[in-house]
Amino acid sequence: EESITKLSTKSRFRYNSPLVQVSLIGLVCFCCPGMFNALSGMGGGGQVNRTATNNANTALYTTFAVFGILGGGIYNILGPHLTLAAGCSTYVLYAGSLLYYNNQPHQGFVIIAGALLGIGAGLLWACEGAIMTSYPPPNRKGTYISLFWSIFNMGGVIGGLVPFILNYNRNEAASVNDATYIGFMCFMSAGTLLSFAILPPNRVVRDDGTRCTDVKYSSVSKEATEVLKLFTNWKMLLIVPAAWASNFFYTYQFNNVNAVLFNLRTRGLNNVFYWGAQMLGSIGIGYILDFSFQSRRMRGFVGISVVALLGTAIWGGGLANQLPYSHDRPQSEKLDFKDSSFAGPFVLYFSYGLLDAMFQSMVYWVIGALADDSQTLSRYSGFYKGVQSAGAAVAWQVDTHKVPFLSQLIVNWSLTTISYPLLVLLVMLAVKDDNKTEDEIVNEAPVPSSNKDINSTAIST
């Protein structure tokens with residue numbers, strides 16, 4: 001057994017390494033939620049009339065809220081293959097429903113597909129969260145999160161190019177063409193097949209020879225009990241405002257900035273840069289959270305502070321951009337990327353993408369610092385995605401009911417601002433400097449006192 005483990009850690013690029021497995025889950029998310037993001041980012045899923053997709057998104061995020069929270073438990077019972085494949089297949093169905101809607105404008109199928117996608121997304125993201133937060137070494141979680149986020153958001157970049165190229169010469173009063181939706185379905189089908197390449201956590205070996213986790217798959221009764229406990233877990237309660245905020249702003253940014261201000265082809269181009277900005281944002285915050293200071297808590301404090309300062313500046317810019325137009329005072333003509341007045345709103349939309357990645361990578365890093373085993377982290381990640389999706393379900397209905405754009409912006413800005421001090425408090429109370437959580441330290445045997453052990457601990461921190 002020992003020789004096999006030594007042999008299996010020779011290369012960082014071996015199939016059972018955390019690096020390869022996190023990259024693979026990034027590719028799965030590139031093909032499925034990455035393409036979904038590109039579809040949503042056009043505003044109205046590429047449709048002229050946003051009502052069907054707003055209602056579908058409400059159904060989607062309502063079921064996502066439930067299955068996001070349950071998803072961690074389901075992953076712990078079924079393992080990654082069944083959980084991911086079931087989740088990915090629902091993305092294909094949703095893109096297919098929009099293809100159907102393009103030819104038969106009856107929104108029932110789109111709404112049902114949206115509800116099913118919510119179930120699938122809950123399974124996929126709980127599995128993804130467990131992998132991304134438990135497979136990497138404890139002192140490199142920020143780096144691996146940024147790696148995942150970059151691969152995943154490349155899906156949004158390429159997905160943004162698809163509608164930009166295929167609809168380049170089409171007029172404004174049109175939905176995207178059938179070929180756009182067929183292209184998205186091909187990517188999503190590839191992601192479903194790729195999900196079978198993900199290894200279970202007990203077969204993933206880190207470079208130091210340790211396995212990511214040796215736990216066996218769980219039972220339904222145990223997972224039901226553990227999921228219910230999350231609602232009284234003070235660590236999870238401190239994350240609630242950040243989780244609620246983290247997808248709430250998508251509705252405003254996609255529908256009321258991108259779809260309202262820009263014409264059809266430019267919306268696709270904007271998405272290329274929105275999701276490209278996410279790659280830059282995740283790499284930047286990942287570096288701060290892993291390398292800026294020796295103390296892990298200090299890295300957390302600095303990371304949250306950087307996101308808070310940048311977030312305040314970007315939402316301030318968003319306020320300045322929002323004041324000239326509203327539901328009642330629409331912009332006289334939609335912007336094209338060739339217009340001279342395109343630059344300002346474009347830079348703002350790019351900045352929104354940058355902030356989204358930094359904000360979510362920061363929250364994932366905090367979650368990853370609370371534990372090290374995939375069972376606990378799958379539940380934590382599932383809870384985060386569940387609350388996040390409940391917020392998104394509300395946000396899509398807020399837009400459907402024509403709530404003023406300015407009110408939506410102020411609520412988004414306030415939600416993100418409230419979350420920063422609560423995350424600082426969480427890092428202060430629950431994150432330890434030696435890469436062990438509070439619970440692990442309490443349950444652990446006394447630390448050896450030899451100089452050698454002390455030095456090796458300092459190096460690994």
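Yes or no: region 150-159 includes at least one residue that is surrounded by fewer than 24 Cβ atoms within 10 Å (Cβ to Cβ), part of a helix (DSSP H, G or I), among the aliphatic types (A, V, I, L, M) and more than 16 Å from the chain's Cα centre (by Cα). Yes - at least one qualifying residue is present in region 150-159. Does any residue in region 230-243 that is not assigned by the TED database to the domain that holds Ile304 come within less than 8 Å, Cβ to Cβ, of a residue that is assigned to a helix (DSSP H, G or I) six or more places away or on a different chain, and which pairs are these? Note: no pairs meet the criteria. Residues of region 195-213 that are in contact with a Leu (Cβ under 9 Å, 6 or more places away or on another chain) and either open to solvent by less than 20 Å² (accessible area, probe 1.4 Å) or β-branched (Val, Ile, Thr) (or both): Ser195, Ile198, Leu199. Screening region 111-137 for residues that are more than 17 Å from Cys32 (Cα to Cα) and hydrophobic (A, V, I, L, M, F, W, C) and picking the one that is surrounded by the fewest Cβ atoms within 10 Å (Cβ to Cβ) gives Ile112.
The values are calculated or read from the model by the stated rules, or taken from the named source; none is laboratory data. On a predicted model such as this, the values are computed, not experimentally measured, just so you know. Note: ideal-geometry Cβ built from the backbone for every residue, glycine included; neighbour counts use all protein chains shown. Just the protein is used for accessible areas: all its heavy atoms, side chains included, with ligands, DNA and RNA removed. Shrake-Rupley method; radii C 1.70, N 1.55, O 1.52, S 1.80 Å.
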